[in-house]
Amino acid sequence: MTMATDTLDPAAGIGPPPGRHAPGAAAGRWSLLEREAPLGYLLVLPMAVVVLGLVGYPLVLTVWFSLTDKSLGSDAVSFVGLANYLGLIDDPVFGRTMWNTFNYTVTAVVAKLVLGLVMALALNEVRRFRRFFRAAFLLPWVVPSSLSVLAWMWMFQADFSVLTYLGRQVGLVDGNIPWLGEAGWAMAAVQTVNIWRGAPFFGIIILAGLATVPKDLVEAAVVDGASAWQRLRYIILPHLAPILVVVTLFSFVQTLGDFQIVWILTNGGPVNSTHLISTLAFRTGIRGADIATGSAISFFVFPALAAIIALQLAVMRRKAK
């Protein structure tokens, strides 16, 4: 007498072939996960939820507050439309802040790009103690910004500035320099700190990109008699273009939203000469308890920033092809 069994024998040709799933709902789910696109969306989903919670919700809340008369400590909220934005257009302090932000961001990013490129090219030629020099140049970016800015504040003291002392020793200045007490000097001071802090980041990223430049092309150019400038212009920079675009985009966004350096050094002074969008929004919305106007200030630059990011991403994709 033969006993019945539910076990199927693949060797006898009974049941699904090896490597295939049995039919049913479970098999359908597994086959769906084996496809690249659904699996990619599934893996991205947790991070998308985190981003929407930490970025999307505050962004939507900021837009809503900017369209109301919300104030800190008050539960009464009324919809006012674009009144807060229209009020900012006629505000001379806001106009000065917009120019300060543009000046601060463009000057600092361009300087960091140039200095970072020079630093990367120099470090790329170093053979002895390479790791030591790379770590040393990265220190300004690694040190907490609040601590480094406090050190710079001491160096910018009008009466005891080490920078003024060095200037006197070499004959560049005669008296004390009001580093943080005069509009022009104050803006130069905060830009200097930002450049000092951000240039090593550019340098390390560009240094990593130099490893992707084909050495045979550089050696062939040397054999053909190309100068260092020609090798940089026609070989190195074209290969570094996608990396330069990405790191410039990242630094642009970071510099545009910079807060700590300006707030610790000058609080936006003297006479609003160093206020950025971030510092003015904080002073208005938190210190001044005007959440509505502070939200409008912080969101005012968002469309321009989004347009610049879209333009740079388009350039990056075109160069990558």
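The values are calculated or read from the model by the stated rules, or taken from the named source; none is laboratory data. The structure presented is a predicted model; accordingly, all values stated were derived computationally and were not measured. Here Cβ is always computed from backbone atoms with ideal geometry, including for glycine, and neighbour counts include all displayed protein chains. SASA here: full protein model, heavy atoms, side chains in, ligands and nucleic acids out. Shrake-Rupley method; radii C 1.70, N 1.55, O 1.52, S 1.80 Å.
Restricting GLY268, GLY257 to those that are open to solvent by 30 Å² or more (accessible area, probe 1.4 Å), in contact with a Ser or Thr (Cβ under 6 Å, 6 or more places away or on another chain) and at pLDDT below 90 reduces the list to GLY257.
Of all residues being of a type in the set (Phe, Trp, Tyr) and modelled with pLDDT of 85 or more in region 133-178, which is least open to solvent (accessible area, probe 1.4 Å)? Just the residue, please. Show your work before the answer.
Initially, region 133-178 is screened for residues of a type in the set (Phe, Trp, Tyr), giving 133, 137, 141, 152, 154, 156, 160, 165.
Then drop every residue that is not modelled with pLDDT of 85 or more, which leaves 152, 154, 156.
Working: TRP152: 31, TRP154: 145, PHE156: 8 Å².
Checking each candidate, the answer is PHE156.
Is it the case that some residue within region 238-255 is in contact (Cβ under 8 Å) with a residue 60 or more places away in the chain and more than 25 Å from LEU115 (Cβ to Cβ)? Looking through region 238-255, none of the residues is in contact (Cβ under 8 Å) with a residue 60 or more places away in the chain and more than 25 Å from LEU115 (Cβ to Cβ).
It is to be established whether one or more residues within region 85-99 are touching a residue at least 40 places away in the same chain (Cβ under 8 Å), open to solvent by 70 Å² or more (accessible area, probe 1.4 Å) and under 26 Å from the mean Cα position of the chain (by Cα). Lay out the reasoning, then the answer.
Initially, region 85-99 is screened for residues touching a residue at least 40 places away in the same chain (Cβ under 8 Å), giving 85, 87-88, 93-94, 96-98.
Checking the rest, the ones that are also open to solvent by 70 Å² or more (accessible area, probe 1.4 Å) come to 96.
The next check asks that each one be under 26 Å from the mean Cα position of the chain (by Cα); those that pass are 96.
Yes - at least one qualifying residue is present in region 85-99.
Which condition does LEU67 not pass, out of (1) touching a Gly at 6+ places or on another chain (Cβ under 8 Å); (2) at pLDDT below 85, if it passes all the others? Result: LEU67 passes all but (2). Checking the stated criteria, SER295 turns out not to satisfy the condition of being under 27 Å from LEU138 (Cα atoms), open to solvent by less than 40 Å² (accessible area, probe 1.4 Å), of a type in the set (S, T, N, Q) and at pLDDT 85 or above.
Contact list please: Cβ distance under 7 Å, first residue in region 49-63 and touching a residue at least 60 places away in the same chain (Cβ under 8 Å), second residue part of a helix (DSSP H, G or I) and surrounded by 11 or more Cβ atoms within 10 Å (Cβ to Cβ), pairs at least six apart or on different chains. Pairs found: THR62/SER295; THR62/SER298; THR62/PHE299; VAL63/PHE299.
Within region 111-132, the set of residues being closer than 21 Å to GLN191 by Cβ and open to solvent by 60 Å² or more (accessible area, probe 1.4 Å) comprises VAL114, LEU115, VAL118.
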